[in-house]
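One structure is given here, and the rest of the page talks about it.
The values are calculated or read from the model by the stated rules, or taken from the named source; none is laboratory data. None of the values given here were measured: they were computed from a predicted structure. Note: ideal-geometry Cβ built from the backbone for every residue, glycine included; neighbour counts use all protein chains shown. Heads up: the accessible areas ignore ligands, DNA and RNA and are worked out on the full protein's heavy atoms, side chains in. Shrake-Rupley method; radii C 1.70, N 1.55, O 1.52, S 1.80 Å.
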Amino acid sequence: MSVSYRAVQWNPAKKAYDRRLAFAIAGYLAVFFIAAATAFETSPLILAMRAFGTGAIALLVFILSIGPLARFSPRVAPLLYNRRHLGVAMFLMALAHAVLATLWYHGFGVLDPVTSILTSGSPFEGVAQIPFQPLGLAALLILFAMAATSHDFWLRNLSPRVWKALHLGVYVAFTLLVAHVALGVLQDAVWPGFAWILAAATTWIVGIHVAAGVKEWRADRRSRMLTADGWVRVGEVNDVVAETAEGRAKAVLIDECRKVAVFRENDAFSAISGVCAHQGGPLGEGKIVDGCVTCPWHGYQYLASNGQSPPPFFEKIPTYELRIEGRTLYVHPQAKPPGTPLPPCRMELKDGGEA
Amino acid sequence: MSASNEFYVGYLPTPARQRHFLSVFLPVCAFLAFVLAALAGAFSRPTGDGVWETGHEVTVEGELLATPFPMMRVARADGTMERVLLVEMGKHGADARIAPLVPTDGTRVAARARGFLIARGGQRMLELVEEDPVTLGGTLPARVDARSIGTVEIAGEIVDSKCWLGVMKPGDGKAHRDCATLCIRGGIPPSIICEAPDGTERRAIVVGRDGAPLSFDSIAPWIAAPVVVRGNAEVLDGMAFVRVEEIARADALVRSSERE
Ligand code: FES
């Protein structure tokens, strides 16, 4: 979390993660080179360009798959933890591809390389003339902005909202890259398999995002029920207890876009914002670990009773008032200022202690 | 709601179920990545069999020509003639260097040129060294062996000779288009390449109707696109030239190519 900024706060999980990442990238490049070298006479520079380019796109598809997959299975969650290292590695591969291509194709000539890239072709004279390099360059600039601001220092200084918006740029970059490949190297490809692989990857990415979105939308619709006096119904106490394991939460949508996480700890409920102060991770999918609500994405922690990170950390998120009326649990949609302590809402253990 | 209460926190040990899942999932992903790498590597476009003997300096001797592009007429061991194109380092033609050395009145000039060979399919090019690559003097070879082919129509692609002969690998196709454009803009001779009916590569240097180089602007829109070139072809010392009458987009047009 954010006591002080270090280049990267290493821990064993991150190191293991990065070791596997380095192994995968080195393996990819090696297999590519060996396969190409056995298939035809090679030009190492061109092969490096191709290996870095295809590798970066493959890694990008993997990165974009993690988020939606984690919505379907919490078992993918460990991959989310260090996702930005994947992003930085992917950017570096894309950069290597771009530097090689720019030097080799656009360097050593009568125009400077950037002019050569930006003045290439015209989009109005058939596919062969549509320039594809500027698309790649635009994607690279977006990926650069993301890699450069991936550290938590930027997250804090840009505010999570701006940071998140910036990092949604990855979808713009992905779209640009699909066009870059389709209008570029696919025009020369001798093996039709490349077009199929690109189409399959694009369909996969769009498909899992739509599926995850539909899942979330359904869950939100189910959770949303306003009562007359402005309180939002969380559910029958018995049902909420049955639905949530000890130390887990029920996520409740309180208006069009705000979510509240109602945590259960022993016989008490507490409600905090469902959005992590770090990168907006879903706290409703978090868990109380060592007495603190812990975010499923990178493990930021908050006390359920006041929405504050335990010292020495200083993140604060809004808290919400809860009330039990009859056998029904309600939450008030008016957020208390971040870090406001609220007493937990206890259920009366009437029916033989079963709530 | 949650079937399992296991929960991953990056700085705590990974719960067993997630660890087991990842111990299968990650190797599967890595395996898929390696399969993809193998396919992408093996099926990526072959880079052609051109060579570029950079670092290995050679000297060629013969008659120096400045038009339509700088080149040397060289006698082969068997007495036949060949033409070796001369270019500078990078994406630059050798016009500025060679033109002042060859009189325009038709006087023939013998010379030696030093540089690095670029070669593909029996066609050679010399990339001149930077310092004093050309010395005048030597014996003049036999007169030009010219053969006229007549009007031809070639369906193919316009490339720059230098990259295609062995510098770029591959030196054609859309990915290479901007590079070819830069080269031709810089004075490297443009060529049209096509595949002969027997599957072999063929190449002819593209010049204007009057035999002089085409202006860059007139050829730029046609570079690295499927085109049909119509014009008069001739073979000079074994090197094919097309004096272009007309260039058109090939699009769906498929015509037989008939040329040397
Ligand atoms: S989003 Fe990073 S810890 Fe919550």
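Which of the following residues is open to solvent by 30 Å² or more (accessible area, probe 1.4 Å) and either part of a helix (DSSP H, G or I) or charged (D, E, K, R) (or both): A:LEU60, A:LEU80, A:LEU100, A:LEU86?
A:LEU100
Filter the range A:235-259 for residues that are away from every other protein chain (no Cβ under 13 Å), touching a Pro at 6+ places or on another chain (Cβ under 8 Å) and crowded, with 18+ Cβ neighbours inside 10 Å; which is nearest to A:ASN306 (Cα to Cα)?
A:LYS259
If A:PHE313 passes every condition in (1) more than 9 Å from the ligand (Cβ to nearest atom); (2) open to solvent by 20 Å² or more (accessible area, probe 1.4 Å); (3) away from every other protein chain (no Cβ under 14 Å) but one, which one does it miss?
Against the list (1) more than 9 Å from the ligand (Cβ to nearest atom); (2) open to solvent by 20 Å² or more (accessible area, probe 1.4 Å); (3) away from every other protein chain (no Cβ under 14 Å), A:PHE313 comes up short only on (3).
Within the group A:PHE144, A:PHE153, A:PHE194, which residue is touching a Leu at 6+ places or on another chain (Cβ under 8 Å) and more than 14 Å from chain B (Cβ to nearest Cβ)?
Of A:PHE144, A:PHE153, A:PHE194, the one residue that is touching a Leu at 6+ places or on another chain (Cβ under 8 Å) and more than 14 Å from chain B (Cβ to nearest Cβ) is A:PHE144.
Residue check, B:GLY166 against (1) buried (at least 20 other Cβ atoms within 10 Å of the Cβ); (2) out of contact with any strand residue (DSSP E or B) (no Cβ under 7 Å at 6 or more places or on another chain); (3) not β-branched (Val, Ile, Thr), all met but one. Which one?
Failed condition: (2).
Answer with yes or no whether A:THR319 is modelled with pLDDT under 85, away from the ligand (no atom under 16 Å from the Cβ) and open to solvent by less than 60 Å² (accessible area, probe 1.4 Å).
When the stated conditions are applied, A:THR319 does not pass them.
With the requirement that a residue be under 13 Å from B:ARG120 (Cα atoms) and within 12 Å of the chain's Cα centre (by Cα), what does the range B:189-200 give you?
Matches in the range B:189-200: B:ILE193 only.
Just to be sure I understand the filter: pairs with C-beta atoms under 7 Å, separated by 6 or more residues or on different chains, first member in the range A:30-44 and facing another protein chain (nearest Cβ under 7 Å) and surrounded by 17 or more Cβ atoms within 10 Å (Cβ to Cβ), second member at pLDDT 85 or above and in a loop (DSSP other than H, G, I, E, B). Which pairs pass?
These pairs meet every condition: A:ALA36/B:SER44.
Select from the range A:282-293 the residues that are under 17 Å from the mean Cα position of the chain (by Cα) and without any contact (Cβ under 8 Å) to a residue 60 or more places away in the chain and write down the one among them that is surrounded by the fewest Cβ atoms within 10 Å (Cβ to Cβ).
This residue is A:PRO282.
Is there a residue being away from the ligand (no atom under 16 Å from the Cβ), outside any strand (DSSP E or B) and either at pLDDT below 85 or of a type outside the set (A, V, I, L, M) (or both) anywhere in the range A:268-290?
no
Which of the following residues is under 17 Å from B:HIS92 (Cα atoms) and surrounded by fewer than 20 Cβ atoms within 10 Å (Cβ to Cβ): B:SER191, B:SER215?
Going through B:SER191, B:SER215 in turn, the sole match is B:SER215.
Which ones in the range B:223-250 are outside any strand (DSSP E or B) and within 14 Å of chain A (Cβ to nearest Cβ)?
B:ALA224, B:ALA225, B:ALA250 - these are the residues of the range B:223-250 that are outside any strand (DSSP E or B) and within 14 Å of chain A (Cβ to nearest Cβ).
In the range B:173-211, which residues are of a type in the set (Asp, Glu) and more than 8 Å from chain A (Cβ to nearest Cβ)?
Listed by number, the residues that qualify are B:GLU195, B:ASP198, B:GLU201, B:ASP210.
For the range A:291-319, how many residues are assigned to a loop (DSSP other than H, G, I, E, B) and touching a Pro at 6+ places or on another chain (Cβ under 9 Å)?
Counting residues in the range A:291-319 that are assigned to a loop (DSSP other than H, G, I, E, B) and touching a Pro at 6+ places or on another chain (Cβ under 9 Å) gives 12.
Condition first: within 21 Å of A:ILE205 (Cβ to Cβ) and assigned to a helix (DSSP H, G or I). Can you find one or more residues in the range A:38-45 that meet it?
No - not one qualifying residue is present in the range A:38-45.
Can you spot a residue in the range A:80-102 that is of a type outside the set (S, T, N, Q), facing chain B (nearest Cβ under 10 Å) and touching a residue at least 60 places away in the same chain (Cβ under 8 Å)?
yes
Look through B:GLU61, B:GLU57, B:GLU82 and report the one residue that is charged (D, E, K, R), in contact with a Gly (Cβ under 9 Å, 6 or more places away or on another chain) and open to solvent by less than 80 Å² (accessible area, probe 1.4 Å).
It is B:GLU82.
Just one of (1) within 12 Å of the ligand (Cβ to nearest atom); (2) open to solvent by less than 20 Å² (accessible area, probe 1.4 Å); (3) modelled with pLDDT of 90 or more trips up A:GLN301, so point out which.
If we test A:GLN301 against (1) within 12 Å of the ligand (Cβ to nearest atom); (2) open to solvent by less than 20 Å² (accessible area, probe 1.4 Å); (3) modelled with pLDDT of 90 or more, just (2) comes out false.
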